[in-house]
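Contents: one structure, followed by commentary.
The values are calculated or read from the model by the stated rules, or taken from the named source; none is laboratory data. None of the values given here were measured: they were computed from a predicted structure. No Cβ is skipped: glycine too gets one built from the backbone with ideal geometry, and neighbour counts run over all protein chains shown.
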Protein chains: 2
Amino acid sequence: MRQPASSARAAASSAPGNVGDVRKANLARVLSVIAGTGDAGRLSRADIAQRSQLTKASVSSLVADLLVAGLAIEIGVHRDGERGRPSVGLVLNPARCVMGMEINVDYIAAGLVDLSGKLLAHEIRPRTNHRSNSGEVLAALGELSRNLQEAAQSQGLAILGGALAVPGLVDEEQFTVLQAPNLGWEGQDLDVAALLPEPKTRFRLFNEANASALAQQQLMEAQDRDFLFVSGEVGIGGGLIIDAELFVGPQGHAGELGHVVIAPDGKACSCGGRGCLETVAGQEAILAAANLGAVADSESRQERIGRLYQALETGAEPAVGAVAEAGKSLGIAVASAMRLYNVSTVVFGGHFAALEQWLRPAMEASLQVHAPSIAAQARLLCSPLGQTGALVGAARSVVGDLLEAPHQLVG
Amino acid sequence: MRQPASSARAAASSAPGNVGDVRKANLARVLSVIAGTGDAGRLSRADIAQRSQLTKASVSSLVADLLVAGLAIEIGVHRDGERGRPSVGLVLNPARCVMGMEINVDYIAAGLVDLSGKLLAHEIRPRTNHRSNSGEVLAALGELSRNLQEAAQSQGLAILGGALAVPGLVDEEQFTVLQAPNLGWEGQDLDVAALLPEPKTRFRLFNEANASALAQQQLMEAQDRDFLFVSGEVGIGGGLIIDAELFVGPQGHAGELGHVVIAPDGKACSCGGRGCLETVAGQEAILAAANLGAVADSESRQERIGRLYQALETGAEPAVGAVAEAGKSLGIAVASAMRLYNVSTVVFGGHFAALEQWLRPAMEASLQVHAPSIAAQARLLCSPLGQTGALVGAARSVVGDLLEAPHQLVG
């Protein structure tokens, strides 16, 4: 399975007692201790030795490597009530970052995320990418990226890697979008060099829902190690977090909630199937059921969505019924997904979060009817993640890769 | 997640460079080299050192521990063309085994499985466990177990551990059956000491479908590291193998395919929900739809199943239609599960395997309609596992635990 490496564990697992592997794992361990303290940090080498259970000599040697790699920096620490010169503390290097990007059906976005996972700067540009030319979309996104590269340079920020999220199935190794029906892309190789021209240590391609799930994870309580993130857009995606890691399945495409069959004799779906959740609860499906379907040379989707909310606010049909029907279908799909994954927390993002007040009653009633034992334990949350969620999640994942495998930068 | 420990990895992951952990991991590594050679094995210490990439001195010391633990034995090796005295080879100890057991709705079973995973002896006893008293069932199973303990003793076999598979959700840590609606058990603590009286190093409680999935895994090709095993009984269970390991989800209950919603307005289910796969494709659901439903003081299920096959053989309705309807529903549920898990291989066991010729056409047609892109890649297999599948899978898992953590026996 292609999953982000899990801290020291992954680095340590490849061979028995191999010294190189132990050093790699310990490098990552020291860095995770430094990263784990956040802003309050500034640990001395002795503090790190204590928390990592490594010897002071080992820590000194490992810290030297991290300073060379530029992932950590030294900083003076003054402690109240202590005399003498300040001890030297260590923090994550604030002048290092990763570029996160997203291609959505209705916009493109890019942003800079630092090693602590914070979004430093970003730019979102509305763009109709439905049935688009991938070269043109990448050229437009490259422009956004260059703006942010310039901003980074002017602030002395070095970009260590990049990540891109797209609404579809991807082959991460090959930088290929396998299927993104709502972009109209199939088997599209992406020239990611156009996005970040210099050779970077790390560039990753993500499914949008998976990237958003990773961003959502940062917002969850520490004990929330398992949840399904449901991304409601024109398409519906799912990103599964199990044991605090992204679960992507054997080929990297797990979580396709939008194509769970919720009506055996239902409508034809863009996937070629029938009765998928997306045919009832996808953005265009809801708009169509609300008599606000797309008409050539007519309003944009954003305008039609505006009219949907106007109708919902006044309680007008068929808008209210269309959203309730979406909620009912969502309850069915979520019931099945919660059974199969054995997760009890589901977080809804995208238009599902915005539609919550009209969607939730029907969804909860449907879950109660179809799976009362699941409903009794279910925690159904709405995500506060906005349009930067996917780019931040994708970038943070690359930050995580760097912090978990710092030996790649140590060289 | 509660998953079987994965070879050296799990043992090595808990701390950085701890000598005790390294030794545990290396013990398991040596044992896995010995186990990996199968009957053709009989490796010398030098062979083991080469294959494990450990020093000869380490291997000698580790092998001494394994001999003390009784997991391996020495055996003389004669090689063709070699002169002098035979070198000493090592094999898994053939006089060690694990007791596997199953409580099924219609029978109880127990068997002895050796360290190579081979079923040495077993006994299956028909028994109506539907709405049963758990104490009585365990007493009956204890009798089977004692028969096999005597058989083991008479053959000089030592039993190192035990495992029990039941058709329901279990809390493995507490030896509790949380929900087994087809046994009529809910929150039932099991006195497993009644099954294997002496304190054993290891006893595990399994969901039946998970245990069967583990048994099925042994029958798959090495490259088949991901598949869903679907167990068709009165209930329908699912056991998911991902990256060659059982995926059980956060609370250990993943894979509940029987309660995937396949008909939103369908029949009420034993789970309290509505429209679950089990209401159409479970054994009693098929019998009822074939006008062979249970009537008090009437035929046993086995007799009614006999009449179902008679009707199917002659192409008689409503039997043929009932099984086709089950196949259609199975196609829908499997389509959704394959999407969510991203697996392309599904193996059908229990009555689904027996019904294959009547079930498969409808199932394949349904999968094609609801998810053609999934259907194009799908491999739908029938399992040759019979009534010993679950007990063998459960026992093998405990054998695996012993081989992966031999330090527990070394003490």
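Summary of computed values
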| quantity | calculated |
| --- | --- |
| Selected residue (criterion: farthest from the other protein chains (Cβ to nearest Cβ)) from residues of segment A:266-284 that are free of Cβ contacts under 8 Å to residues at least 24 places away in the same chain and in a loop (DSSP other than H, G, I, E, B) | A:LYS267 |
| Those residues of segment B:94-151 which are in a strand (DSSP E or B) and acidic (Asp, Glu), in sequence order | B:GLU102, B:ASP114, B:GLU123 |
| Enumeration of residues in segment A:224-236 that are within 26 Å of A:CYS269 (Cβ to Cβ) and within 11 Å of chain B (Cβ to nearest Cβ) | A:PHE227, A:LEU228 |
| Test for A:ASN129: is it within 22 Å of A:HIS351 (Cα to Cα), surrounded by 23 or more Cβ atoms within 10 Å (Cβ to Cβ), over 15 Å from the mean Cα position of the chain (by Cα) and not hydrophobic (A, V, I, L, M, F, W, C) | yes |
| Top-ranked residue of segment B:100-126 - restricted to ones that are among the acidic types (Asp, Glu) and either under 16 Å from the mean Cα position of the chain (by Cα) or crowded, with 23+ Cβ neighbours inside 10 Å (or both), ranked as modelled with the highest pLDDT | B:GLU102 |
| Enumeration of residues in segment B:237-265 that are touching a residue at least 12 places away in the same chain (Cβ under 8 Å) and more than 9 Å from every other protein chain (Cβ to nearest Cβ) | B:GLY237, B:GLY239, B:ILE241, B:ALA244, B:GLU245, B:LEU246 |
| Some residue of segment B:370-378 being among the polar types (S, T, N, Q), within 14 Å of chain A (Cβ to nearest Cβ), assigned to a helix (DSSP H, G or I) and touching a helix residue (DSSP H, G or I) at 6+ places or on another chain (Cβ under 6 Å) | no |
| Qualifying residue in segment A:130-143 (condition: under 28 Å from A:GLU284 (Cβ atoms), of a type in the set (A, V, I, L, M, F, W, C) and in contact (Cβ under 8 Å) with a residue 60 or more places away in the chain) | no |
| Matching residues, segment A:7-52, being at pLDDT 70 or above, crowded, with 20+ Cβ neighbours inside 10 Å and in a loop (DSSP other than H, G, I, E, B) | A:ARG42 |
| Pick from segment B:179-219, criterion within 18 Å of the chain's Cα centre (by Cα) and farther than 13 Å from B:GLY349 by Cβ, ranking: modelled with the lowest pLDDT | B:ARG202 |
| Within segment A:153-251, strands (runs of 3 or more DSSP E) holding 3 or more residues that are crowded, with 16+ Cβ neighbours inside 10 Å and of a type outside the set (D, E, K, R) | A:158-166, A:176-180, A:202-207, A:227-232, A:236-242 |
| Residue check for B:ALA333: under 28 Å from the mean Cα position of the chain (by Cα), in a helix (DSSP H, G or I) and away from every other protein chain (no Cβ under 11 Å) | no |
| Single unsatisfied condition, B:LEU148 versus (1) crowded, with 16+ Cβ neighbours inside 10 Å; (2) in contact with a helix residue (DSSP H, G or I) (Cβ under 8 Å, 6 or more places away or on another chain) | (2) |
| Number of positions in segment B:59-74 that are touching a residue at least 24 places away in the same chain (Cβ under 8 Å), assigned to a helix (DSSP H, G or I) and surrounded by fewer than 19 Cβ atoms within 10 Å (Cβ to Cβ) | 1 |
| Tally of residues being part of a loop (DSSP other than H, G, I, E, B) and among the β-branched types (Val, Ile, Thr) across segment A:379-411 | 1 |
